[in-house]
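Okay, so here's the structure we're looking at.
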Amino acid sequence: MSEHPVDLSHLPRGQQGWSELISSVGSLDDRAERYFLELKSDADLSLKEHQAKVAKFILGSYNRDPGQARRRFDGHAVMILGVGNGGVVGIPPFEAKDLAGAIRKYVGVDGPGWDYERIPGEGRDDVICIIVNPPTASDVFTCLRDGPAGLRDGAIYVRADGETREAKGDEVRLLVQRVGRRLPELDLSVDIVGAVVSSSCSDRPFIDYGNRHASSLRQVLSTARDRDFRRRSGSQSWATQFQDASLVSYPNFFRREETRTPEQYEHEVAKWVEAVINSRRAVVDGLLGQQAPRNAIRVSNRSKRYLEDVEVNIHLDGEVRGVEVLSKYDDPFRPVPQRPREWGPWQEDPNSYLHRVLPTPQSGTQYSIQPSMRSVTYRNGGSVDLTMNLAALRPEETIIGDDDDFLLVVEACDVSTVSGTWRVTAKGVHEVFEGQIEVPVVVPRPGIEKFIDKRLNPSEAEGD
């Protein structure tokens with residue numbers, strides 16, 4: 001086995017992927033053969049006996065249980081010819097049309113789907129990988145004529161670990177039941193209603209806001225230091241001395257003295273400015289979540305199958321994220337942190353004092369709101385993953401999730417679409433339905449940065 005084994009859960013892609021698989025299994029013997037993999041070192045596809053062995057493998061692989069088959073090679077089965085006994089030897093050249101014609105005699109024109117990959121080997125001999133399509137729950141194929149390799153007309157073959165053989169009595173019974181439970185084919189589609197909104201706003205309004213208030217906060221400390229210096233030097237005015245004396249003579253129960261050092265105060269102001277700048281994304285998301293059109297997931301069942309307990313998963317690539325939808329009563333500027341308390345003595349709010357010293361009353365009955373079965377949850381992390389659960393999806397029905405669940409936003413301004421994949425599973429259906437998805441990107445109406453600047457820096461914005 002190679003130092004870095006290949007991923008057997010997915011079918012290899014391209015010459016490099018197949019070469020890595022061949023290199024990985026090339027040093028193994030027949031013990032590596034499983035229900036999804038067979039190795040042949042001495043095959044010659046110009047011989048009828050070896051052509052019959054390939055046909056037998058195709059029939060047996062397609063009659064596997066679909067649920068078990070999905071665990072490896074995305075449901076496919078692979079026969080590698082020219083590999084085994086501890087090495088990669090390749091097989092002699094052959095005519096593709098002759099192989100296809102020979103196999104068709106045993107599996108039929110409408111038989112299992114299959115293909116092959118030719119991987120160049122040393123000299124003129126190549127390694128051939130026969131690829132059998134994933135089985136379906138509604139089809140079972142029999143052999144259509146007698147032939148070499150023990151092939152019998154009418155026989156049902158199955159692929160097991162290390163061998164392809166005739167099905168036994170209980171296996172035949174299960175295959176017959178599988179055909180008897182034949183259900184209409186599923187035809188599902190998933191898309192996202194609406195568009196992804198391009199988020200664009202610079203840090204400038206937040207930098208201006210933070211620096212302006214930081215200057216004011218530092219000025220308070222500077223003024224207090226000057227006053228303290230004058231007090232110690234005896235140069236304090238009579239009015240100021242009288243004011244300070246009155247504060248000492250008539251203490252206030254809610255008056256609190258400053259406990260921070262000047263260094264701690266300066267650090268608090270600097271951290272606050274940093275937090276203000278970092279709140280930009282949350283503020284922009286809040287404004288878009290309050291004003292931009294919502295998104296929703298739309299699922300269509302175009303078949304005549306009834307599905308229950310359906311889960312829809314969507315993964316979108318790129319710098320896209322889900323944003324919480326706000327009502328018109330929410331304040332999108334709430335993420336901007338409150339400025340630190342100014343330097344010096346301060347008055348504690350009586351209500352805050354009572355809340356701090358009195359026990360918190362216990363609430364009565366607790367109520368929980370159960371989410372709608374059509375609600376969408378999302379998880380951000382460099383890209384976004386969306387999930388929607390449906391109690392049922394009836395035949396020929398289209399369902400759209402709640403339209404106030406989420407909004408999709410992308411940071412990049414130079415993209416026109418966001419791409420991804422969707423995946424649907426349902427209770428009692430032993431198949432996974434997948435597809436591609438694309439969502440257009442739109443740019444919101446201009447002026448969002450000017451609006452933020454006017455809200456954070458009203459005097460400066462009006463002066464412009």
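The values are calculated or read from the model by the stated rules, or taken from the named source; none is laboratory data. Owing to the predicted nature of the structure, the values given are computational and were not obtained by experimental measurement. Methodologically, a virtual Cβ is constructed for each residue, glycine included, from the backbone with ideal geometry; neighbour enumeration extends over all protein chains shown. For accessibility, only protein heavy atoms count, side chains too; no ligands or nucleic acids. Shrake-Rupley method; radii C 1.70, N 1.55, O 1.52, S 1.80 Å.
Among the residues of region 251-265, those identified as open to solvent by 90 Å² or more (accessible area, probe 1.4 Å), without any contact (Cβ under 8 Å) to a residue 24 or more places away in the chain and either closer than 29 Å to Asp331 by Cα or not in a helix (DSSP H, G or I) (or both) are Pro251, Phe253, Thr259.
Condition check: open to solvent by 80 Å² or more (accessible area, probe 1.4 Å), in contact (Cβ under 8 Å) with a residue 12 or more places away in the chain and farther than 17 Å from Val54 by Cβ. Does Arg145 satisfy that?
Here the answer is no, as Arg145 does not meet what is asked.
Residues that are within 30 Å of Arg321 (Cα to Cα), surrounded by fewer than 18 Cβ atoms within 10 Å (Cβ to Cβ) and within 39 Å of the chain's Cα centre (by Cα) do occur in region 173-190, at least one of them.
Of the numbered criteria (1) closer than 21 Å to Glu434 by Cα; (2) touching a residue at least 60 places away in the same chain (Cβ under 8 Å); (3) not in a strand (DSSP E or B), the one Ala52 fails is (1). Taking region 197-222 as the range and being open to solvent by less than 20 Å² (accessible area, probe 1.4 Å) and modelled with pLDDT under 90 as the test, the residues that pass are Val197, Ser198, Ser199, Cys201, Leu221. Given the criteria closer than 30 Å to Pro440 by Cβ and at pLDDT below 90, does Gly318 qualify? In short, yes.
Results for (1) more than 27 Å from Val83 (Cβ to Cβ); (2) among the acidic types (Asp, Glu); (3) touching a residue at least 40 places away in the same chain (Cβ under 8 Å); (4) out of contact with any Ser or Thr (no Cβ under 8 Å at 6 or more places or on another chain), shown as yes or no for each residue.
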position	(1), (2), (3), (4)
Gly121	no, no, no, yes
Val127	no, no, yes, yes
Arg165	no, no, yes, yes
Asp191	yes, yes, yes, yes
Ala195	yes, no, yes, yes
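Annotation: Arg31 fulfils all but one of (1) at pLDDT 90 or above; (2) over 34 Å from the mean Cα position of the chain (by Cα); the unmet one is (1). Residue check: Ser46 meets all listed conditions (1) among the small types (Gly, Ala, Ser); (2) under 22 Å from Ala167 (Cβ atoms); (3) open to solvent by 10 Å² or more (accessible area, probe 1.4 Å); (4) at pLDDT 90 or above but one, namely (2). Evaluation of Thr136 against the conditions (1) in contact (Cβ under 8 Å) with a residue 12 or more places away in the chain; (2) closer than 23 Å to Val25 by Cβ; (3) in contact with an Asp or Glu (Cβ under 9 Å, 6 or more places away or on another chain); (4) open to solvent by 20 Å² or more (accessible area, probe 1.4 Å) shows that the sole unmet condition is (2).
Scanning region 85-105 for residues being in contact (Cβ under 8 Å) with a residue 24 or more places away in the chain and either small (Gly, Ala, Ser) or out of contact with any Asp or Glu (no Cβ under 9 Å at 6 or more places or on another chain) (or both) gives a total of 9. Taken over region 373-394, the criterion of being assigned to a loop (DSSP other than H, G, I, E, B) and open to solvent by less than 60 Å² (accessible area, probe 1.4 Å) is satisfied by Ser375, Ser383. Looking at region 14-31, can you tell me whether even one residue there is more than 20 Å from Gly147 (Cα to Cα), open to solvent by 20 Å² or more (accessible area, probe 1.4 Å) and touching a Ser or Thr at 6+ places or on another chain (Cβ under 6 Å)? Within region 14-31, one or more residues are more than 20 Å from Gly147 (Cα to Cα), open to solvent by 20 Å² or more (accessible area, probe 1.4 Å) and touching a Ser or Thr at 6+ places or on another chain (Cβ under 6 Å). Each residue in region 398-436 was checked for being surrounded by fewer than 19 Cβ atoms within 10 Å (Cβ to Cβ), more than 26 Å from Gly67 (Cβ to Cβ) and in contact (Cβ under 8 Å) with a residue 12 or more places away in the chain, and 12 of them qualify. Of all residues in region 292-338, those that are open to solvent by 70 Å² or more (accessible area, probe 1.4 Å) and under 28 Å from Asp414 (Cβ atoms) total 6. For region 69-87, the criterion of being modelled with pLDDT of 90 or more, part of a loop (DSSP other than H, G, I, E, B) and open to solvent by less than 50 Å² (accessible area, probe 1.4 Å) is met by at least one residue.
Just so you know, in region 156-184 the residues that are among the β-branched types (Val, Ile, Thr) and assigned to a helix (DSSP H, G or I) include one that is modelled with the highest pLDDT, and it is Val172.
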